[in-house]
Amino acid sequence: MMIIKEFIANLALLGTLLFLYSQVIMKKPLQLHSSAKTKLIAGICGGFVSIVLMLFSINIGDLLVDLRFIPTLLLAFYGGAFPALISMAMTIIFRFILSAEIISLYALIISVTGTLFAIFFSRVKFSAKIRIFSIYTFNNIIFSIFFVYLSEDPAIIMEVLTLYWLISYISTFLTFYLIRYIRESQALFAKYKNDSLTDSLTGLNNVRKFDEEFNRFVHDVKNSDQQLSLLYIDIDYFKKINDTYGHKEGDIVLIELGARLQKATRNFDIVSRNGGEEFTVLLLDCPAARAVEIAERIRDSVEKDAFLLSTGKSIYITVSVGVASYRETTENPAMLIDDADSALYLAKHLGRNRVCVAS
């Protein structure tokens, strides 16, 4: 009964530490192609978890066993040699700090042999379950060989090794299941978060993401000498396009316009579809004259270059653009949206297919 309690306590401790670690590195989960810095941090964290597990050993008769190898196995499986070797080195050093005896030397041999095999076999092209099973079976065999060699009571060998193998397999597969579940959950969360901020049709930022970025840049420019310009873009007579060619063809026009806006702006500018046929472009550190130049280039390109529909027919459209710029047309950066929208309204009122600047 005591063994079961200690085993459950170890599993709970291991699961808790792995969960906490996964929350810290949620945005950058460990991968084979991760940066050296990420792998270094992962290796140190894995070594720390292994050390904690060593301090909470499980008593099987007169033998103390622990789950220290599991973090190293996880690191080898997901991150490769570098983080696994760091974790292994920390575990070995701590083991010798606890006691520099002959048993520590045997533990070193088991740890090094098991880690090297894990690094090698984790890259073999078998299913994940087969690789995990093979790696830990090899580790168990190495441990069993040393245990049989060192044991002075053959009567308990079978009992101890049976319990050890059972504990190692259960803990390993439960841990891998937990890690896979956490990683898949984080990937889904990241996808849903991205979808909530992305326009599903054009792939541009949606209005929620635009508001988030706009508020961030408004805060930044208030505390710096940078300028911030905003283009408010609207397709002229878009309803007529939908009525004439259908909504499917209208969607093609929206997608193509979004692509042209990205091509016409710098890679760090913020291009968004704010709804319907309205688009915005946040131009970072851009004065009004430069913003007007970009807006005119967009307007001219849309007017001159035809849009190809799925039917093979080419159509020509125009856009109206309103421009506002913090420090030149707008004193309060928070008013850029209102001023750019007013300039867009003026462009529509004056006949469309033109760029107007907020006064």
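The values are calculated or read from the model by the stated rules, or taken from the named source; none is laboratory data. Keep in mind it's a predicted model, so treat the numbers as computed, not measured. Cβ sites come from the backbone with ideal geometry, for glycine too, and all protein chains shown count toward neighbours. Remember, those area values only see protein heavy atoms, side chains included, never the ligands or the DNA or RNA. Shrake-Rupley method; radii C 1.70, N 1.55, O 1.52, S 1.80 Å.
Miscellaneous remarks
- Val292, Val24, reordered so the largest accessible area comes first (probe 1.4 Å): Val24, Val292
- Across the chain, the relative contact order, built from alpha-carbon pairs under 8 Å that are at least six residues apart, equals 12 percent.
- Calculated FRET efficiency for the pair Leu116/Val24, C-beta based, R₀ 22 Å, to 0.05: 0.20
- Accessible surface for Phe69 stands near 20 Å², nearest 10, in the context of the full protein assembly shown (1.4 Å probe).
- For Thr329, distant residues with modelled amide H under 5 Å away: none
- Of the chymotrypsin sites (Phe, Trp or Tyr not before Pro) in the range 106-160, those whose Cβ has at most 15 other Cβ within 10 Å and which sit in DSSP loop: Phe126
- Taking only Cα atoms of the range 1-113, radius of gyration then Dmax in Å: 14.5, 45
- Bridge type composition, the chain - antiparallel percent by DSSP, nearest 5: 85
- Within the shell of other residues whose beta carbon sits under 13 angstrom from the beta carbon of Lys240, the net charge comes to -2, with Lys and Arg scored +1 and Asp and Glu -1.
- 5 angstrom amide H check on Asp236, placed H, neighbours 5+ away: Thr318, Val319, Ser320
- Against the set (i) 25.1; (ii) 19.3; (iii) 23.0, the structure's computed mean projected area of the Cα convex hull in nm² falls on (i).
- In this structure Lys240 has an accessible area near 140 Å², from a 1.4 Å probe over the protein heavy atoms.
- Here the alpha carbons of the range 50-209 define both size measures, Rg and Dmax, at 20.3, 73 Å.
- Under the span-like rule (Cα at least 27 Å along the axis, Kyte-Doolittle mean at least -0.5), DSSP H helices of the chain: 2-24, 36-55, 102-121, 128-150, 157-196
- Per-pair calculated FRET efficiency, R0 = 25 Å: Leu40 and Ile97 via Cβ, rounded to 0.05: 0.70
- Each of Asn332 and Ala128 was given a label point 7 Å from its Cα along the Cα-to-Cβ line. The distance between the two points is 5.3 nm.
- Here's the list of lysines a cross-link from Lys5 could span, going by alpha-carbon distance under 28 Å and ignoring same-chain residues fewer than 8 apart: Lys129.
- In a fully extended conformation the segment linking Ala12 and Leu188 would gain 60.9 nm over its present Cα-Cα distance, using 0.36 nm per residue.
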